[in-house]
Amino acid sequence: MIENRLKKGLGRGLSSLLGDESKKIETNKISITDLTRNKFQPRKHFGKDNLEELTNSIKEQGVIQPIVVRPDKVNTNKYEIIAGERRWLAAQNAGLHEVPVVILNVDDVKSLEFAIVENVQRQDLNPIDEARGYQRLIDEFNYNQEKLSKFIGKSRSYIANSLRLLSLTEDVLQMVEKGDLSAGHARTLIGLNNSTAIARKIIQKRLSVRQAEVLSRQFRDKKFKLVQKKDPNILDLQKSLEEKTGLGVTVNNKKNNSGTITFEYGSLDQLDRIINTIKKNY
């Protein structure tokens, strides 16, 4: 009975990552000051209202779901949070001195996997933080979109669409992070040079996603009015590159079969990713 409650408390995704190890784990209570933040935490923003709601719940019932931690490699006698940072913050706000934890000995890859699974399953993870979490698995731990799809339990197209958000300008990304612009609205802006100005217009006029698509298409048609005459094979290649890189891509093929491939990046990190990918393959 205790084992079943513990597995339920950890969540289905975390239990599946542990496998048979989930049968061996035990909960402990440790000082709230002995915990440190997870350097791999994909969530950068915690909603004030949600945090207050959780704080009130903890004041009434305590921390029901244990926080998953591992020994801190830098600060001895302390533990780094793997999953449950929001509960830790709320417990501090509630005035608790101790919290229940599950202590695991896992490497950096497993720590990031735990953090992403927990946050994605909660379905309130900011779409930009979610995409950055996926990108870290790709950049730092040699994941690809197919492996990510199987691991997260979402379609490959979902992963690709999530990663494509990172090609937007920093201004647009911040609008999504703040909740001023939805991920659906933001996707209509991918590949547009004036995406920031269009995003502000979408917010100002409170356009629906459908209306935003129409507005973006007007600008896109002006920019790509010659694209419709492109060879279908070139268009397929262009689309394939966009899905695999998560960036805006333009392939221009001349009559003599020479041409250019243009990658549109929204930050220096994305530029570094393009350069590193080329270096790895050539």
query: If you go through region 55-78 one residue at a time, how many are surrounded by fewer than 21 Cβ atoms within 10 Å (Cβ to Cβ), out of contact with any Ser or Thr (no Cβ under 7 Å at 6 or more places or on another chain) and in contact (Cβ under 8 Å) with a residue 40 or more places away in the chain?
result: 3
query: Is it fair to say LEU189 is in a loop (DSSP other than H, G, I, E, B), touching a Ser or Thr at 6+ places or on another chain (Cβ under 9 Å) and either modelled with pLDDT of 80 or more or not aromatic (Phe, Trp, Tyr) (or both)?
result: yes
- request: Return yes when ARG187 is in contact with a Gly (Cβ under 9 Å, 6 or more places away or on another chain) and within 24 Å of PHE219 (Cα to Cα) and no when it is not.
  value: no
message: With the requirement that a residue be outside any helix (DSSP H, G or I), crowded, with 16+ Cβ neighbours inside 10 Å and free of Cβ contacts under 8 Å to residues at least 60 places away in the same chain, what does region 91-113 give you?
response: ALA94, VAL106
- prompt: Under 6 Å by Cβ, and 6 or more places apart or on different chains, what pairs join a residue from region 131-142 that is more than 13 Å from ARG273 (Cα to Cα) with one that is exposed (fewer than 15 other Cβ atoms within 10 Å of the Cβ)?
  reply: PHE141/VAL109
message: Can you pull out every residue in region 129-152 that is of a type in the set (A, V, I, L, M) and either in the same structural domain as ALA183 (by TED's automatic domain parsing) or at positive phi (or both)?
response: none
query: Here are some conditions: (1) touching a Pro at 6+ places or on another chain (Cβ under 9 Å); (2) modelled with pLDDT under 85; (3) not in a loop (DSSP other than H, G, I, E, B). GLU130 meets all but one. Which one does it not meet?
result: (2)
message: Just the residues that are surrounded by fewer than 22 Cβ atoms within 10 Å (Cβ to Cβ) and not in a helix (DSSP H, G or I), please, taken from region 151-177.
response: GLY153, LYS154, SER155, THR169
field: Matching entry among LEU192, LEU207 (being closer than 25 Å to LYS244 by Cβ and among the hydrophobic types (A, V, I, L, M, F, W, C))
entry: LEU192
message: I'd like to know if region 148-160 contains one or more residues that are within 25 Å of ILE274 (Cβ to Cβ) and at pLDDT below 80.
response: yes
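The values are calculated or read from the model by the stated rules, or taken from the named source; none is laboratory data. The model shown is predicted, which means the values in this text are computed figures rather than measured ones. With ideal geometry, Cβ positions are generated from the backbone for all residues, glycine too; neighbour counts draw on all protein chains shown.
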